[in-house]
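Taken together, the values in this text are just the output of simple stated rules run on the coordinates, not laboratory data. None of these values were measured; they are calculated from a predicted model. Heads up, the Cβs are rebuilt from the backbone with ideal geometry, glycines too, and the neighbour counts pull from every protein chain shown.
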Amino acid sequence: MQKRPFAKNYQLKEKINRSAVGKNKVLFLTIKTVKMNCQLCQKEFDAYRQGKLPHDMMTQVESHLKTCKICAGIYRQQILAERIIKGEKELQPDPFLTTRVMAQIDKLDDEQYKSAPSFIKVLKPVLLSTSMAAAVAFGILIGNLPYSGSEREKIPVELTLIDDAAIESVDVFANE
Amino acid sequence: MTDTEIIKLILQGDKEKFTILVAQYQLLVFRTCMGFLHDKDDADDLTQDVFIHAYQSLSRFRGDAAFSTWLYRIAVNASLNKIRKSPLMLIRQQFSNFSDDKKERERAVSITDGEDPEKILIRDEHIKWVRKALDSLPENQRIAIVLSKYDDLSQKEIAEIMNTTEGAVEALLQRAKKTLRKKLSAQRKN
């Protein structure tokens with residue numbers, strides 16, 4: 001008899017080539033065997049819980065859990081861990097969370113707004129007085145600008161020759 | 001209205017639209033926080049912080065990934081930071097004997113309703129073991145387990161959040177389960 005383990009998933013498929021008794025007939029038999037130990041059993045916990053294992057494997061894990069106290073204990077704790085997570089997942093956040101978040105955001109925005117004027121408080125009078133001083137200085141500058149020579153040249157020569165003293169007073173014509 | 005459109009409006013100044021995003025994603029963020037902290041009040045506070053952080057850095061959301069993916073990343077980082085920064089929480093998670101407060105006991109009793117007090121005490125002890133084993137997982141394995149078990153995300157989604165491949169997530173989950181089994185069996189032997 002020759003044993004040839006070739007299948008995955010810890011199932012040993014043995015092909016037994018047996019000579020049948022009598023008349024040179026050859027009989028092929030396939031026997032499935034599963035070797036279960038703690039490591040393999042623990043590895044299949046998830047699939048076992050979800051019922052995803054093949055029937056024979058389910059039976060093997062089940063019988064191993066009945067006989068091995070360590071595996072049974074770890075399996076119980078794994079179930080417990082899932083129940084703890086389920087319990088924590090069922091909790092709901094604070095119903096006023098949105099209100100709390102928005103209030104905090106408003107508060108932060110207010111703080112930012114309040115912190116900004118303190119800078120402006122210093123800058124504002126400085127800017128105001130500087131701009132006023134600049135306006136006054138510009139006015140004085142404009143007022144003191146001398147007339148340009150070209151404008152003077154535009155006055156007719158006749159007018160410059162007029163002697164004001166020689167012109168008769170307007171009152172003279174009025175008295176007449 | 002899509003998330004991107006809502007975000008655009010918020011960035012234009014309509015901040016009230018942020019309530020839509022909070023309402024839509026609060027459970028997702030809360031569950032993630034719960035997975036790391038195991039305490040409702042802490043998870044509520046952290047959920048609030050996550051949304052405020054998201055609001056403040058909304059202009060940095062480029063839209064390469066889904067908004068939920070971006071939010072998951074913020075929630076995971078915030079949870080890990082909270083655990084790392086809070087020594088009390090770290091101690092509480094390392095030595096879960098401290099965490100047998102009233103709420104936890106009530107939760108444990110609700111699981112074991114109808115059993116005798118001795119059995120409840122034993123079960124309570126087992127709950128501590130399990131929680132301790134979950135909390136002592138390496139960071140990456142823990143993130144994968146929380147996103148898988150608490151948020152019911154697929155390996156593809158977890159891979160996107162963790163910026164890794166699906167194969168790496170599968171390996172992480174397998175290792176996490178193996179580590180958990182080892183820790184639980186060691187605790188049983190003790």
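Where does each of A:Phe96, B:Phe36, B:Phe67 land when they are ranked from fewest to most other beta-carbon atoms within 10 angstrom?
Details: A:Phe96 10, B:Phe36 25, B:Phe67 19.
Exposure proxy ranking, most exposed first: A:Phe96, B:Phe67, B:Phe36.
Applying the Karplus relation 6.51 cos²θ - 1.76 cosθ + 1.60 with θ = phi - 60° to the range B:16-25 yields 3J(HN,Hα) values of 4, 5, 5, 4, 5, 5, 4, 4, 6, 10 Hz, where x marks Gly and Pro. For the range B:55-61, 3J(HN,Hα) computed residue by residue from phi via the Karplus equation (6.51, -1.76, 1.60; θ = phi - 60°) reads 4, 5, 9, 4, 5, 8, 6 Hz, glycine and proline entered as x.
Given A:Lys89/B:Lys177; A:Lys52/A:Lys89; A:Lys43/A:Lys86; B:Lys82/B:Lys183; B:Lys85/B:Lys119; A:Lys86/B:Lys183, which pairs have Cα atoms separated by over 27 Å?
Working: A:Lys89/B:Lys177 19 Å; A:Lys52/A:Lys89 24 Å; A:Lys43/A:Lys86 22 Å; B:Lys82/B:Lys183 24 Å; B:Lys85/B:Lys119 36 Å; A:Lys86/B:Lys183 21 Å.
Table pairs above 27 Å Cα-Cα are B:Lys85/B:Lys119.
Residues whose amide H comes within less than 5 Å of that of A:Glu44, counting only those at least five positions distant or on another chain, are absent (H built at 1.01 Å from N in the peptide plane). Note that the range A:87-100 has calculated 3J(HN,Hα) couplings of x, 6, 5, 6, 5, 10, x, 3, x, 9, 4, 4, 4, 5 Hz, one per residue in order, obtained from phi through the Karplus relation 6.51 cos²θ - 1.76 cosθ + 1.60 (θ = phi - 60°); glycine and proline are x. Neighbouring Cβ atoms from other chains, within 10 Å of the Cβ of residues in A:90-99, number 6 on average.
Shape call for the range B:123-190 from the C-alpha gyration tensor, a ≥ b ≥ c root eigenvalues: rounded (a/c under 1.5), prolate (a/b greater than b/c) or oblate? In terms of gyration-tensor shape, prolate. Highest mean first, the peptides A:128-139, B:133-144, A:160-171 sorted by other C-beta atoms within 10 Å per residue fall in the order B:133-144, A:128-139, A:160-171.
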